[in-house]
Amino acid sequence: MKQSLGSVLLLCVLMAVSVNAAQYSWSVLKAPKELHVGEGAIVRYQCLFDSSAGDYTVVFNPTHSKSYKASMVTQDDRVSNGKRILQFDVLITPVTAGILDIKQDALMRHTTFASIENASIGRDNVKKYDFNDEKASMPSVKITGVDNTADLSGEITFAVQVDKVKVRSHEPVHLSLYVRGRGNLNEFVPFELNISGVKHFSEPAYRDLSLGENGYEGEIRQEFALVAQKSYVIPSFSVSVFDTKTHANKILRSQPISVEVEKGFEPSNLLDSPPSHGYGDWKRYGMYALFMLLGVILAEVMRWLWAHRPRRKSKAFWEGAATVKELSVLLSLRGEVQYAEVIQMLDEGNVTLNEAKNKLRLMISTNEEKQR
């Protein structure tokens, strides 16, 4: 197979790259010394190549262990001064107390020379590149995990709201609970509600969270609808938090909320009152009769107005005549005896066009009056 000059040059370049495979080194740029259980922080790993290393692919997926959780937050791949630099920010969250030995591995995938040669000369039986895979152990990081009994860790706020505190029997009260901030919000356990004499309806907690450098950021919301026949008290809700800003434990607690339930409609109030024949009834009957009389009068007035409404008269066939001769011809073609006098006057020149039309209008009006 004849190779083009471009293919040969490309092959030479790639051969040089393949023979002189890039060297690389892993390091840790940032890592915490101590974390409380449930508190997350970033460990930043860097892979530095001695060249642009375009023939390398780095695959890194953080893995958990029994003592900590690891989640990828961000990764950056760039070339600076001819050297390729990769950085990975991994969120480490202790699960147990003690010394945590953070060990992670990456896959260094290098394109082989044979694969480059086959792709460059265009062999038909080549379907994909071949790789040399090498497992790289990233530097170990040791973090001290401190015991923590709080429900959540981070910078977190807690709020409770109701839409009303005074309702009728069986009218629902909507209760909303909000947990907001940043930290291990993904570990939040929804509250359970149990109030004697109160029925409640709820949906799964709504979570609007995103992973960041300080853990999960966003909001968690719980909604309840409470229905009761008697007044009741919504109890206090609380959640224990380890504040990572002040490094102190605190309890976020809501105040009890009293809900006053008034009596609803009694069945007896929904029934018609017994018949009465007092002055009020006669007054009501008189008003009914007056309205009926006004309706009859209004109907008669409308009927009279409809009967005497102005009617648009249709335009006579001769109205469009523009000359005396044209009008005479139109009347003659009609062949009716009543137009004979007007035709004769037109032919003899005894009337003008307008006079003849006025005479025709008068004739038609007279005939209509006779018909009535």
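Per-residue answers, yes or no, for (1) of a type in the set (D, E, K, R); (2) part of a loop (DSSP other than H, G, I, E, B); (3) surrounded by 11 or more Cβ atoms within 10 Å (Cβ to Cβ); (4) at pLDDT 85 or above:
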site: Ser240; (1), (2), (3), (4): no, no, yes, yes
site: Glu260; (1), (2), (3), (4): yes, no, yes, yes
site: Ser276; (1), (2), (3), (4): no, yes, no, no
site: Tyr288; (1), (2), (3), (4): no, no, no, no
site: Ile297; (1), (2), (3), (4): no, no, no, yes
site: Ser314; (1), (2), (3), (4): no, yes, no, no
site: Phe317; (1), (2), (3), (4): no, yes, yes, no
site: Ala321; (1), (2), (3), (4): no, yes, yes, no
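Evaluate the stretch 60-68: report whether one residue or more is open to solvent by 20 Å² or more (accessible area, probe 1.4 Å) and in a strand (DSSP E or B). Give the steps one after another, and end with the answer.
As a first pass, look at the stretch 60-68 and keep what is open to solvent by 20 Å² or more (accessible area, probe 1.4 Å): 61-67.
If we keep only those that are in a strand (DSSP E or B) too, we end up with none.
Within the stretch 60-68, none of the residues are open to solvent by 20 Å² or more (accessible area, probe 1.4 Å) and in a strand (DSSP E or B).
Could you say whether any residue in the stretch 87-98 is modelled with pLDDT of 95 or more and more than 30 Å from Ser240 (Cα to Cα)?
Yes, the stretch 87-98 contains at least one residue that is modelled with pLDDT of 95 or more and more than 30 Å from Ser240 (Cα to Cα).
Are any residues in the stretch 206-235 under 19 Å from the mean Cα position of the chain (by Cα), among the small types (Gly, Ala, Ser) and surrounded by 15 or more Cβ atoms within 10 Å (Cβ to Cβ), and if so, which ones?
Gly218
The values are calculated or read from the model by the stated rules, or taken from the named source; none is laboratory data. In this text the structure is predicted, and so the values were computed from the model without any measurement. Cβ: placed from backbone, ideal geometry, glycine included. Neighbour counts: every protein chain shown. Remember, those area values only see protein heavy atoms, side chains included, never the ligands or the DNA or RNA. Shrake-Rupley method; radii C 1.70, N 1.55, O 1.52, S 1.80 Å.
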